[in-house]
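Below is one structure, written out as structure tokens, with a few remarks after it.
The values are calculated or read from the model by the stated rules, or taken from the named source; none is laboratory data. Treat the numbers as computed from the prediction; the structure is a model and nothing was measured. FYI the Cβ positions are ideal-geometry reconstructions off the backbone, even for glycines, and counts take in every protein chain you see. Just the protein is used for accessible areas: all its heavy atoms, side chains included, with ligands, DNA and RNA removed. Shrake-Rupley method; radii C 1.70, N 1.55, O 1.52, S 1.80 Å.
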Amino acid sequence: MSEHRSFPKPTPRLQERVQQRREAMRAWLVCCAAVDHRDRFICRCCGRTVRKTLTVCPERLEHHHIAARHVAPHLVTDVKNILAVCLSCHQKLTRHEMYIDGREEDMFVVEGKQFWNADCPLHFTQAEPAAG
């Protein structure tokens, strides 16, 4: 004897996760295209012309989150939080050998926290080597 269902059969969670990942990837690609257009394929740190490539070379285009993804997950695809940089500057920023600085009035506020705005002019400072 078959059982009658008065509600629709649930969709597998795998399909939902795949759809969420696709939507997140689409949002990321749209964000990257907007950042590339804004920064005109020029590294915001050193001014080098960058290009999209899979090879590991100094002029490789990379995208750097000003506020780290784990610190501000709500800003992962926000154009104001992402810079177009070359590979070598991205490595320096990631290793905290270079710092971002700007004017206080150029910051934006989300959820009560202030963040540097990539749409505004920013300054990059080399970190001083540790004495030791």
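A compact table of results
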| read-out | value |
| --- | --- |
| Residue (of 12, 57, 37) at the positive-pole extreme of the chain, dipole from beta-carbon charges | 12 |
| Assigned charges on the beta-carbon of Lys, Arg, Asp, Glu; the chain dipole about Cα centre (debye) | 700 debye |
| Cα-based Lys proximity count in the chain, under 22 Å, for pairs eight or more positions apart or on separate chains | 4 |
| Carbon and sulfur %, accessible surface of the range 1-130 computed with the full protein complex present, 1.4 Å | 54 percent |
| Cα convex hull volume per residue for the chain (Å³) | 209 Å³ |
| Sites residue 37 and residue 13, calculated FRET efficiency, Cβ-Cβ separation with R0 35 Å, nearest 0.05 | 0.45 |
| Relative contact order (%) - the chain, alpha-carbon pairs under 8 angstrom, separation at least six | 20 percent |
| Charge-dipole axis of the chain as Lys and Arg at +1 and Asp and Glu at -1 on Cβ define it, positive-most pick from 47, 122, 99 | 47 |
| Under-5 Å amide H pairs with residue 82, H placed in peptide plane, nonlocal only | 66, 118 |
| J(HN,Hα) series, the range 83-90, from Karplus relation 6.51 cos²θ - 1.76 cosθ + 1.60, nearest Hz, glycine and proline x | 10, 8, 9, 7, 4, 5, 5, 5 |
| Accessible area per residue, Å², the chain with all protein chains present, probe 1.4 Å | 73 Å² |
| Crossing angle, helix 13-39 versus the chain [Cα axis fit, 0-90 degrees, rounded to tens] | 30 degrees |
| Stretchable slack from residue 95 to residue 25, in nm (0.36 nm times residue separation minus alpha-carbon distance) | 22.6 nm |
| Structure-based [θ]222 nm, the chain - -39500 (n - 2.57) summed over DSSP H runs of at least 4, per residue, nearest 500 | -9000 deg cm²/dmol |
